[in-house]
Amino acid sequence: MILAILRALFRPSRPSRGMPARSRRPGPAADGPRPATSSSPTARPPSSRPQPQRPVEPALAQTPTQPADPIAPNPRTLSGKCYVIDGDTIVINKTHIRVAGIDCPELDQPWGKKAKFAMVGLCKGQIVTAHIQEGMSYDRVIARCTLADGTDLAAKLVEAGLALDWAKFSGGRYRHLEPAGVRKRLWRVAAKHRGKLAIPQAQDS
């Protein structure tokens, strides 16, 4: 009898036949944590495509600056028919031009007028091109002047014995063209180059 009582106490309870057993729904803990939602648009992952790199320019080697040729032509030029003022000064398109590298006697000095007439003869009916250089000389631009065939006007005047090479500005470019004895004949010009003759401000440099 004691055995029957013990069996009755530990017998598992059975659901009543009229009531179906309620199935247990798993809670949020059973399913695991739900992923958090965000109202912001989905961010795109960074592109794995390699970005192009700007090429590095190689450093330029610095070359030593060469001294400029005293009468080297400048890229600027002026061309046209000219009017002659004196042996080493002409006018092209209202621009007064000092012929570079030489020096002629002044009009009031011996051989001055002959130098002017020689320049007139060279330029008459010709197109003169002035290769303008840096610097000014008494409100005149400085230029190497040539004719259409390449004739250098300064060289022609030195060859004729009507101008001297001015080494201070020419670097001695025309010295070899000077006739023998010309520096004695144009002694005033030669003295000016040596600093032995005072030059009025209004006159040529």
Item to check | Counted residues, the stretch 90-102 - those being out of contact with any Cys (no Cβ under 6 Å at 6 or more places or on another chain) and either crowded, with 20+ Cβ neighbours inside 10 Å or closer than 25 Å to G195 by Cβ (or both) | outcome: 5
Checklist entry - Which of the residues spanning the stretch 163-187 are basic (K, R) and at pLDDT 95 or above? => result R173, R175, R183, K184, R185
Next on the checklist: Checking R185 against (1) touching an Asp or Glu at 6+ places or on another chain (Cβ under 6 Å); (2) more than 22 Å from K81 (Cβ to Cβ), only one condition comes out false. Which one?
Outcome noted: (1)
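This table checks each residue for (1) within 21 Å of V91 (Cα to Cα); (2) in contact (Cβ under 8 Å) with a residue 24 or more places away in the chain.
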site: L122; (1), (2): yes, yes
site: V128; (1), (2): yes, yes
site: H131; (1), (2): yes, yes
site: Y138; (1), (2): yes, yes
site: V141; (1), (2): yes, yes
site: L157; (1), (2): yes, yes
site: K184; (1), (2): no, no
site: R188; (1), (2): no, yes
site: K192; (1), (2): no, yes
Next on the checklist: Taking the conditions exactly as written (of a type outside the set (G, A, S) and closer than 17 Å to V84 by Cβ), does I142 satisfy them or not?
Outcome noted: yes
Checklist outcome for this item: Per the filter on the stretch 103-151, residues charged (D, E, K, R), in a helix (DSSP H, G or I) and surrounded by 18 or more Cβ atoms within 10 Å (Cβ to Cβ) are K116
Item to check | Residue list for the stretch 109-121, filter: of a type outside the set (F, W, Y) and either closer than 18 Å to D165 by Cα or modelled with pLDDT under 95 (or both) | outcome: Q109, P110, G112, K114, A115, K116, A118, M119
Checklist entry - In the stretch 56-89, what residues are modelled with pLDDT of 90 or more, buried (at least 16 other Cβ atoms within 10 Å of the Cβ) and either in contact with a helix residue (DSSP H, G or I) (Cβ under 7 Å, 6 or more places away or on another chain) or among the aromatic types (F, W, Y) (or both)? => result C82, V84, D86, G87
Item to check | Subset of the stretch 167-197 (residues that are of a type in the set (A, V, I, L, M), loosely packed, with under 15 Cβ neighbours inside 10 Å and within 40 Å of the chain's Cα centre (by Cα)) | outcome: A167
Item to check | Boolean, H176 is without any contact (Cβ under 8 Å) to a residue 60 or more places away in the chain and closer than 27 Å to S79 by Cβ | outcome: no
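The values are calculated or read from the model by the stated rules, or taken from the named source; none is laboratory data. Just so you know, these numbers come straight off a predicted model, no measurement behind them. Glycine gets a Cβ as well: all are built from the backbone with ideal geometry, and neighbour counts include every protein chain shown.
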